[in-house]
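Q: Structure in structure tokens, see below.
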Amino acid sequence: MRRGLERCLTRLWRYALLLSKAPDVAEDLVQATCVRAIERADQYTPGTRLDRWLFAILKSIWLNEQRARRVRGRETSIDPENALINGAKELETNIRAAEVLTAIGRLPEPQRETVLLVYGEGYSYAEAANLLGIPIGTVMSRLATARSALARLLE
């Protein structure tokens, strides 16, 4: 379980950052996800995709935190600079990546998470629909709407 968690940490953090829009909150979400996964390792079905199970745990924790945040009335915003990988990319690539991340951050949450799962994590439409608990047509609709919005935002 722990080796599988280690392989998924970067992807979990990316998903958590997309949902939370804040690096510190994303780190807390990933940590809470890891703790819950270790505590409930007996609930994982061997032979199934560990990443899918971890994403579902993270999403569940996030939804619970969202409810609590709404009660407290706090909102956060994405900081694209903290989401970029240091050193490996050229400055121009980082600038464009920051623009894209900022534009994605402006999308409504359902579109943001669908974009991340399909385009960022490589899930099929069916896998994303299953993970999000929505029909595949809704995934396709969210992606089409997100692509249009991103094209406008990035012009």
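The values are calculated or read from the model by the stated rules, or taken from the named source; none is laboratory data. As the structure is a computational prediction, the values presented were derived from the model and not from experiment. Virtual Cβ from ideal backbone geometry, glycine too; neighbours counted across all protein chains shown.
Q: Is it true that some residue in segment 55-71 is surrounded by 13 or more Cβ atoms within 10 Å (Cβ to Cβ), in the same structural domain as Met1 (by TED's automatic domain parsing) and among the β-branched types (Val, Ile, Thr)?
A: yes
Q: Checking the condition touching a residue at least 40 places away in the same chain (Cβ under 8 Å), more than 16 Å from Glu65 (Cα to Cα), outside the structural domain of Glu109 (by TED's automatic domain parsing) and small (Gly, Ala, Ser), which residue from Gly4, Gly47 passes? First the steps, then the outcome.
A: Details: Gly47 fails: touching a residue at least 40 places away in the same chain (Cβ under 8 Å).
From the options Gly4, Gly47, the qualifying one is Gly4.
Q: Shifting gears a bit: All but one of (1) closer than 19 Å to Gly105 by Cα; (2) modelled with pLDDT under 90; (3) not hydrophobic (A, V, I, L, M, F, W, C) hold for Tyr123, so report the exception by its number.
A: (1)
Q: Could you check segment 22-42 and list, in sequence order, the residues that are surrounded by fewer than 18 Cβ atoms within 10 Å (Cβ to Cβ) and part of a loop (DSSP other than H, G, I, E, B)?
A: Arg40
Q: Which of the residues spanning segment 100-122 are without any contact (Cβ under 8 Å) to a residue 24 or more places away in the chain and under 14 Å from Phe55 (Cα atoms)?
A: Gly122
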